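J.: Sharing a structure below in C-alpha cells format, with a few things to ask.
The values are calculated or read from the model by the stated rules, or taken from the named source; none is laboratory data. Everything quoted here is computed from the prediction, not taken from an experiment. Cβ: placed from backbone, ideal geometry, glycine included. Neighbour counts: every protein chain shown. Side chains included, ligands, DNA and RNA excluded: accessible areas come from the protein's heavy atoms. Shrake-Rupley method; radii C 1.70, N 1.55, O 1.52, S 1.80 Å.
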Amino acid sequence: MESPDSPNVAVEIEKGPIGVFDSGIGGLTVVAALQQLLPAEQIFYIGDTARVPYGGKSRRTIERYSVEIAGLLLAEQAKLIVVACNTASALAVPRLKQLFNLPVQGVIDPGAAAAVRSTRNGRIGVIGTRATIASHAYEQAIHALAPDARVFAEPCPVLVPLIEEAWFEDAITDQVLRRYLDPLLTEGIDTLVLGCTHYPLLREAISRAAGEAVTLVDSAHNCALAVNEILKSQSLAAPERQLGSLQVALTDASEGFLRVAEEALELEIGDIQLRAVQAAG
Ligand code: DGL
C-alpha cells in the first residue's frame with residue numbers, strides 16, 4: 001500500500017470510486033445520499049470500526065486515524081475522498097488536504113450552509129460529539145456565511161451508543177434527547193444541525209423532541225450535492241449509463257450495527273471486507 005504520507009499518489013482518477021470514510025458505520029447515511037444523487041458512481045466505504053468512537057479523542061489522534069483510513073481509500077484508487085464523519089471533518093480535513101493530492105470533501109461546510117439557508121431567526125443549534133463541538137468548526141463555518149447568526153452548540157456523547165443499540169423509539173432515548181435539547185430550545189433556535197453522521201438514524205425522535213417549529217438539517221444530502229459539484233467541475237463523474245456499486249470495508253467485524261444501518265437506510269450491502277490499518281509514517 002502507498003504510504004498515506006505520500007503527498008502525490010498517482011491514481012487512475014477517471015475509473016476510481018468515490019472513497020468514503022467514517023469512524024464507523026454512521027457515515028452510511030452519507031453513502032445513502034450519494035447513491036440517491038449519483039446512481040452511476042462506484043462507492044468504496046470504509047468504517048474504522050476497530051477504533052470507533054473518534055468523538056472523545058484528541059485532535060492529534062483524530063488526524064492520525066483519518067490519515068491512515070484515507071490511505072486505505074487511496075489504495076483503492078479513490079478519485080475523491082468524502083469524510084463522512086463530523087468529528088474527522090471538524091479536525092482532520094486540513095491535514096488530509098495537505099497530504100493528499102485529490103479532492104477532499106467533509107460534511108461541516110455543507111451542513112453549515114444548509115443551516116444558514118434554513119434559519120429565519122438566525123438562531124441555530126448544533127449537536128455533535130464532544131470533539132466536534134469543542135472544535136467550534138460549525139460556529140466558524142456558519143459565521144463565515146452569516147456573521148450575525150447566533151450558534152448554540154451542545155455535545156451529546158450518549159446519543160451514539162443509543163443509536164448503535166438501535167434504540168430509535170425508546171423512552172430512555174426520548175429522555176436523553178430532552179436533556180440535551182432543552183437548553184437549545186430555551187435559546188429559541190429554529191434550526192438544528194445534526195452534526196454527527198449517526199444522528200439522521202434518530203431523526204424522528206429528535207424531531208419529536210425538538211418540536212415542529214425547529215427544522216432539522218443534516219449534512220448527508222448537502223454533502224452529496226457538494227460532491228456532485230466537484231465531480232462536474234473536475235470532470236471526474238462516472239459515465240451516466242454506468243451502473244453504480246457499493247463496496248463496504250471495516251477495520252474490525254461489526255455486523256450488528258451495520259445491519260441496523262443497512263435496514264434503516266435501505267442500502268444493499270453485500271459481503272463486508274476487512275482491512276487492517278497501517279500506521280502512518
Ligand atoms: N462518526 C462520528 C461523527 O460523525 C460519530 C461517532 C464517533 O464518535 O466516532 O462525529
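J.: Working from Cα positions, state the angle (0 to 90°, nearest 10) between the long axis of helix 28-37 and the longest principal axis of the chain.
T.: Tilt of helix 28-37: around 70 degrees.
J.: For helix 59-75, report the angle its Cα long axis makes with the longest principal axis of the Cα atoms of the chain; keep it between 0 and 90° and round to the nearest 10°.
T.: Result, in degrees: 40.
J.: Please arrange ASP148, ASP174 by accessible surface area, largest first, computed with a 1.4 Å probe and ligands excluded.
T.: Sorted descending by solvent-accessible area, the residues read ASP148, ASP174.
J.: Pairwise over distinct Cα atoms, reciprocal of the mean inverse distance: report the Kirkwood radius of the chain in Å, one decimal place.
T.: Evaluated over the chain, this radius sits at 18.7 Å.
J.: Going through the cross-link list LYS15/LYS57; LYS57/LYS232; LYS97/LYS232, which pairs have a Cα-Cα distance over 25 Å in this structure? Before the final figure, lay out each step's value.
T.: Details: LYS15/LYS57 35 Å; LYS57/LYS232 35 Å; LYS97/LYS232 19 Å.
In this structure, LYS15/LYS57; LYS57/LYS232 lie more than 25 Å apart at Cα.
J.: Please list HIS136, HIS143 in order of solvent-accessible area, largest first, computed with a 1.4 Å probe with all protein chains present.
T.: The ranking, largest first, comes out as HIS136, HIS143.
J.: Would you give the gap between the C-alpha center of region 145-200 and the C-alpha center of region 36-59, rounded to a whole Å?
T.: When both Cα centres are located, 21 Å separates them.
J.: Additional query: Quick one: what are the phi-derived ³J(HN,Hα) couplings along region 212-217, Karplus 6.51/-1.76/1.60 with θ = phi - 60°, whole Hz, x for glycine and proline?
T.: Couplings: 5, 6, 9, 8, 8, 10 Hz.
J.: Could you tell me the convex hull volume per residue, in Å³, taken over the Cα atoms of region 124-281?
T.: Values: hull volume 27.9 nm³, N = 158.
Cα convex hull per residue, to the nearest whole number: 177 Å³.
J.: On to the next question. Considering the dipole of region 114-181 built from charges on the beta carbon (Lys and Arg +1, Asp and Glu -1) around the Cα centre, which of LEU181, LEU145, ALA166 is farthest to its positive end?
T.: Working it through, the farthest residue towards the positive pole turns out to be LEU145.
J.: May I ask for the angle, rounded to the nearest 10°, between helix 171-186 and the longest principal axis of the chain, with both axes built from Cα atoms and the value confined to 0 to 90°?
T.: With both axes taken from Cα atoms, the answer is about 70 degrees.
J.: When the solvent-accessible surface of protein heavy atoms is calculated with a 1.4 angstrom probe, in what order do ASP22, ASP252 fall, highest first?
T.: Values: ASP22 0, ASP252 75 Å².
Highest to lowest solvent-accessible surface, that is ASP252, ASP22.
J.: Okay, moving on. With a cut-off of 16 Å, note down the residues of region 165-194 whose backbone N falls inside the zone around a label point 7 Å from the Cα of ARG120 toward its beta carbon.
T.: Only 188-192 fall inside the zone, counting backbone N under 16 Å.
J.: Given only helices, namely DSSP H runs of n ≥ 4 each adding -39500 (n - 2.57), what is the per-residue ellipticity at 222 nm of the chain, to the nearest 500 deg cm²/dmol?
T.: About -13500 deg cm²/dmol.
J.: Quick one: 3J(HN,Hα) in Hz for region 38-53, Karplus 6.51/-1.76/1.60 with θ = phi - 60°, rounded, Gly and Pro as x.
T.: Coupling constants for region 38-53: 10, x, 8, 7, 7, 10, 10, 10, 10, x, 8, 5, 5, 10, 4, x Hz.
J.: A further question on this structure: Determine the dipole magnitude for the chain: charges of +1 sit on the beta-carbon of Lys and Arg, -1 on that of Asp and Glu, nothing else is charged, the reference point is the Cα centre, and the result goes in debye to the nearest 20. Show your work: numbers first, answer last.
T.: Numbers: 22 positive and 34 negative charges, 172 e Å.
Here the size comes out at about 820 debye.
J.: How much solvent-accessible surface does LEU145 expose, in Å² to the nearest 10, with a 1.4 Å probe and all protein chains in place?
T.: Here the residue's solvent-accessible area equals roughly 100 Å².
J.: Counting only heavy atoms of the protein chains, get the accessible area per residue of the chain (1.4 Å probe) and round it to a whole Å² value.
T.: 44 Å²
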